[in-house]
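Reading through the structure tokens given below for one structure.
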Amino acid sequence: MSDKNIFQRIIDREIPAKILYEDDQCLAFPDINPQAPTHVLIIPKKAIAAISDLAPGDEMLVGHMFQVIRALANKLGLTGGYRVVANCGPDAGQAVPHLHFHLLGGRAMNWPPG
Ligand code: 5GP
């Protein structure tokens, strides 16, 4: 049994995902349990467990990921708006210990989140 987390296994192509976008720094694929008509996960290829583990020097990577999110939202036609979520740690309900941004759209959303 691999001790890699599920997202590292997707990066390494050990388990399948429908890759919507990929470059040398990150990739994006649909969430297996979508919470909105569009629910895409954007993850870095670098092994970073969570926002709390970002290091000096990761600024360019995170900025790049947000440019990817913006381009994906346009490509996926989220003209009505969208939400970007990053759960960090147990209180936020982070289930996979590999940094990821959820891109959610295609429906109106409530605030505050649960
Ligand atoms: P978190 O709760 O850590 O912020 O989000 C983890 C997300 O990963 C969840 O929304 C969950 O549905 C998604 N997920 C878990 N396992 C897989 C998988 O094997 N494939 C895909 N595409 N998404 C997954």
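The values are calculated or read from the model by the stated rules, or taken from the named source; none is laboratory data. Bear in mind that the values here come from a model prediction, so they are computed numbers and not experimental data. Every residue, glycine as well, gets a Cβ built from its backbone with ideal geometry; the counts of neighbours run over all protein chains shown.
Scan the range 69-86 and tell me whether some residue there is outside any helix (DSSP H, G or I), under 22 Å from Pro113 (Cβ atoms), in contact with an Asp or Glu (Cβ under 9 Å, 6 or more places away or on another chain) and at pLDDT 95 or above. Among the residues of the range 69-86, not one is outside any helix (DSSP H, G or I), under 22 Å from Pro113 (Cβ atoms), in contact with an Asp or Glu (Cβ under 9 Å, 6 or more places away or on another chain) and at pLDDT 95 or above, which makes the answer no.
Does Lys46 fit the bill of being surrounded by 13 or more Cβ atoms within 10 Å (Cβ to Cβ), part of a loop (DSSP other than H, G, I, E, B) and within 13 Å of the ligand (Cβ to nearest atom)? No; evaluated as a whole, the condition is false for this residue.
Please determine whether any residue of the range 76-90 is away from the ligand (no atom under 15 Å from the Cβ), touching a residue at least 12 places away in the same chain (Cβ under 8 Å) and exposed (fewer than 15 other Cβ atoms within 10 Å of the Cβ). Checked the range 76-90: at least one residue is away from the ligand (no atom under 15 Å from the Cβ), touching a residue at least 12 places away in the same chain (Cβ under 8 Å) and exposed (fewer than 15 other Cβ atoms within 10 Å of the Cβ). Being assigned to a loop (DSSP other than H, G, I, E, B), out of contact with any Leu (no Cβ under 6 Å at 6 or more places or on another chain) and closer than 26 Å to Ala71 by Cβ is the filter here, so list the residues in the range 96-114 that pass it. Of everything in the range 96-114, those that are assigned to a loop (DSSP other than H, G, I, E, B), out of contact with any Leu (no Cβ under 6 Å at 6 or more places or on another chain) and closer than 26 Å to Ala71 by Cβ turn out to be Val96, His98, Leu99, Gly106, Arg107, Ala108, Met109, Trp111, Pro113.
Report yes if some residue within the range 77-97 is of a type in the set (Lys, Arg) and in contact with a Ser or Thr (Cβ under 7 Å, 6 or more places away or on another chain); otherwise report no. Write out each step before concluding.
Step one: of the range 77-97, the residues of a type in the set (Lys, Arg) are 83.
Next, from what is left, pick out any that are in contact with a Ser or Thr (Cβ under 7 Å, 6 or more places away or on another chain): none.
No, the conditions are met nowhere in the range 77-97.
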